[in-house]
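Since the structure comes first, as structure tokens, the remarks are kept for the end.
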Amino acid sequence: MYSKLMFHLAALVLAVLALPAAAALNVFATVPEWAALAKEIGGERVQVFSATNALQDPHRIEAKPSLIARARASQLVVATGADLEIGWLPVVLRESGNAAIQPGQPAYFEAASAVRLIEVPARLDRADGDVHPGGNPHIQTDPRNVLKVAEALAGRMSRVDPAGAGAYSANLARFSERWKVAMVRWEQAAAPLRGVPVWVQHRSFAYMADWLGIKELGALEPKPGVEPGSAHLAGLLERQKATPARMILRAAYSRPTASDWLGDRAGIPVVVLPFTVGGSPTAADLVSFFDDTVQRLLGGLR
């Protein structure tokens, strides 16, 4: 009887040990790219929730009770910053009642703080549309920025969860090695894109253009966040005749009306880019996101 009891206890202990370890860090990411990066750096130590998906405009999200509940249970918030989430995240954080994840606290991390922002406006006027005072927030379209954010995020995770510092450091080293190899591959493949003139629907791809040497002629939006009217598009068509672009770039979440109108009349392709992880069927993680982006851009040249 005693031996049988000991056998069952031993089996129970082994079963418990075989269960996956409970996540040490509950991460609330505002957008899919940082959710994917948090998983890369955190590995099995983190449980990651993305507040948005790739087919949502990250500027225009509703501060739903479900997001507030998620934030309340989180131990680390990973946001883009640079006012990308200004319309909804402050409400979510305030209403969560979670003092640890408020701005200024160690458990609140902004990816934009790790990189140099471009397109910082010379003036601030709401008449100019949805202008971001600190600069363009769409930093994830340049893989060099992703690596800088990864390094900063690993440091912040280690600060919030010191017991996991070794794991975060090791995961960062593995990610960095793979990422640097992938960047060489992307840059070699994308060489034909250097100097190629394009229109963009929204100023979503400024960092990507800087990385690959693509020449942006301008945006279809007359002002950031403002849908172009027929007169404005007609003016762009005249500009296209004088200074031809090879393609029009549009993020997967954007409405197609304006880009399709101009593409049809100008006789140039509209290239829909994933913009973030999950933005296309093949952009399942950070590496495949950039794989797909480069291939779609090259496809626009053919």
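A few remarks follow.
- Scanning the range 220-252 for residues that are at pLDDT 95 or above and part of a loop (DSSP other than H, G, I, E, B) yields Leu220, Thr243, Pro244, Ala245, Arg246, Ala252.
- Pairs meeting the criteria (first residue in the range 55-66 and within 13 Å of Tyr253 (Cα to Cα), second residue part of a loop (DSSP other than H, G, I, E, B) and of a type in the set (Val, Ile, Thr), beta carbons under 8 Å, at least 6 apart or on different chains) are Pro58/Thr30; Pro58/Val31; Pro58/Thr52; Pro58/Thr80; Ile61/Thr52.
- Qualifying residue in the range 262-274 (condition: under 12 Å from Val200 (Cα atoms), out of contact with any helix residue (DSSP H, G or I) (no Cβ under 8 Å at 6 or more places or on another chain) and part of a helix (DSSP H, G or I)): yes
- Search result, residues across the range 284-302 that are within 12 Å of the chain's Cα centre (by Cα) and outside any helix (DSSP H, G or I): Asp285
- Some residue of the range 27-47 being polar (S, T, N, Q) and either out of contact with any Lys or Arg (no Cβ under 6 Å at 6 or more places or on another chain) or at positive phi (or both): yes
- Conditions (1) under 23 Å from Gln295 (Cβ atoms); (2) at pLDDT 95 or above; (3) in contact with a Phe, Trp or Tyr (Cβ under 9 Å, 6 or more places away or on another chain): number failed by Gly213: (3)
- Taken over the range 79-111, the criterion of being more than 15 Å from Ile68 (Cα to Cα) and acidic (Asp, Glu) is satisfied by Asp83, Glu110.
- Qualifying residues in the range 68-106 (those that are surrounded by fewer than 21 Cβ atoms within 10 Å (Cβ to Cβ) and aliphatic (A, V, I, L, M)) - the one nearest to Ala24 (Cα to Cα): Ala73
- Complete set of residues in the range 191-219 that are open to solvent by less than 20 Å² (accessible area, probe 1.4 Å) and in a helix (DSSP H, G or I): Leu193, Ala206, Tyr207, Met208, Ala209, Trp211, Leu212
- The C-beta contact set for the range 192-213 (first residue acidic (Asp, Glu), second residue surrounded by fewer than 21 Cβ atoms within 10 Å (Cβ to Cβ), distance under 8 angstrom, 6+ apart or interchain) comprises Asp210/Ile118.
The values are calculated or read from the model by the stated rules, or taken from the named source; none is laboratory data. Fair warning: this is a prediction, and the values are worked out from it, not measured in the lab. As a convention, Cβ positions derive from the backbone with ideal geometry for all residues, glycine included, and neighbour counts pool all protein chains shown. Quick note on the areas: whole protein, heavy atoms, side chains included, nothing else; ligands and nucleic acids left out. Shrake-Rupley method; radii C 1.70, N 1.55, O 1.52, S 1.80 Å.
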